[in-house]
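Read the structure below first, then the notes.
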Amino acid sequence: MNSILLKRKMKPITLEKYRQIFRFPVKEYYIKLGFDLEKEPFETCGLEFINEYEKRRYEAKLYPEVSSLLSQLKYSGISHSILSAQHQDLLNDLVQYYNIQHHFIQLIGLDNYYAHSKIENGLECIKKLNIESEKILMVGDTDHDFEVAQAIGVDCFLLSHGHYSHHRLKKPGARVFHDLKDLSHFFQIDVMA
């Protein structure tokens with residue numbers, strides 16, 4: 001995002017600030033950043049970000065505990081699916097790139113780049129899983145994830161080392177964990193980095 005901001009002579013954003021202002025719908029995040037969407041449509045600057053993100057998508061690293069936690073949960077009989085606001089093709093590509101595809105039953109991303117319809121995809125995911133919603137736990141990192149979980153009728157744990165700060169995630173009914181290691185303690189699993 002900073003390269004896009006700097007190109008427009010706008011102030012770059014820190015990770016801390018990002019976690020304070022990022023939100024869904026993503027259009028509101030752009031407004032918080034200072035984009036004037038009347039002068040430059042969201043679809044223009046949003047697509048520019050997506051193109052830059054796709055070019056640099058392999059630069060991001062998984063948190064060190066991811067593979068260990070997924071393996072141990074799977075070994076314990078807990079299956080996993082991904083419900084993401086990421087475009088489906090990009091989601092498939094990244095899961096393959098990080099070699100974690102074998103951990104997941106379903107990968108469900110969006111068919112548009114503007115993060116619409118995650119609730120509908122969540123309902124579809126539950127239908128395909130054919131599991132009672134009381135046995136499903138959604139783990140996310142935004143208030144939107146919490147809202148999606150409520151809308152589709154599943155419990156939700158939130159992680160504060162992703163898109164949102166710990167403070168922003170504290171909502172009635174949401175259990176917030178600092179990171180994957182913190183979450184692993186809930187499941188009584190020791191994860192290796």
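Exactly which GluC sites (Glu not before Pro) in the range 2-77 are in a DSSP loop and have at most 13 other Cβ atoms within 10 Å?
Taking the range 2-77 and a limit of 13 other Cβ atoms within 10 Å, the loop GluC sites (Glu not before Pro) found are 38.
If I take every Cα pair under 8 Å that is 6 or more residues apart in the chain, average their sequence separation and divide by the length, what percent do I get for the relative contact order?
Across the chain, relative contact order equals 19 percent.
Filter the trypsin sites (Lys or Arg not before Pro) in the range 102-175 to those in DSSP coil with at most 15 other Cβ atoms within 10 Å of their Cβ, and list the result.
On the way: sites: 118, 127, 128, 135, 168, 170, 175; in loops: 170.
Answer in residue order: 170.
Where the centre of each part is set by its Cα atoms, how far does the range 32-91 sit from the range 160-175, in angstrom?
18
Identify the residues of the range 61-104 with backbone N under 16 Å of a label point that sits 7 angstrom from the Cα of residue 3 along the Cα-to-Cβ direction, or state none.
Zone members listed by number: 61.
Quick one: of 74/118; 9/170; 27/128; 32/135; 17/118; 17/128, which pairs are farther than 27 Å apart, Cα to Cα?
From 74/118; 9/170; 27/128; 32/135; 17/118; 17/128, over 27 Å: 9/170; 27/128; 32/135; 17/128.
Tell me, what does the Kirkwood hydrodynamic radius of the chain come to in angstroms if you use every pair of distinct C-alpha atoms?
17.9
The range 114-145: which GluC sites (Glu not before Pro) are DSSP loop and have at most 14 other beta-carbon atoms within 10 angstrom? Display every interim value, and only then the final one.
Details: sites: 120, 124, 132, 134; in loops: 132.
Those satisfying the criteria are 132.
Report the calculated FRET efficiency for residue 101 and residue 150 (r = Cβ-Cβ distance, R0 = 30 Å), to the nearest 0.05.
FRET efficiency, residue 101 to residue 150: 0.55.
Return the ratio Rg/(2.2 N^0.38 Å) for the range 84-193, where Rg is computed over Cα atoms only.
The value comes to 1.09.
Around residue 90, what is the net charge, scoring Lys/Arg as +1 and Asp/Glu as -1 over all other residues with Cβ under 9 Å from its Cβ?
Result for the neighbourhood of residue 90: -2.
In deg cm²/dmol, rounded to 500, what helix-only [θ] at 222 nm does the chain give when every DSSP H run of at least 4 residues adds -39500 (n - 2.57) and the total is split over its residues? Provide the component values of the computation, followed by the final result.
Values: 10 runs with 88 residues, N = 193.
The helix-only estimate for the chain comes to -13000 deg cm²/dmol at 222 nm.
We did not get these values from a lab; they are worked out from the coordinates using the rules stated. Owing to the predicted nature of the structure, the values given are computational and were not obtained by experimental measurement. Note that each Cβ is placed from the backbone with ideal geometry, even for glycine, and that neighbours are counted across all protein chains shown.
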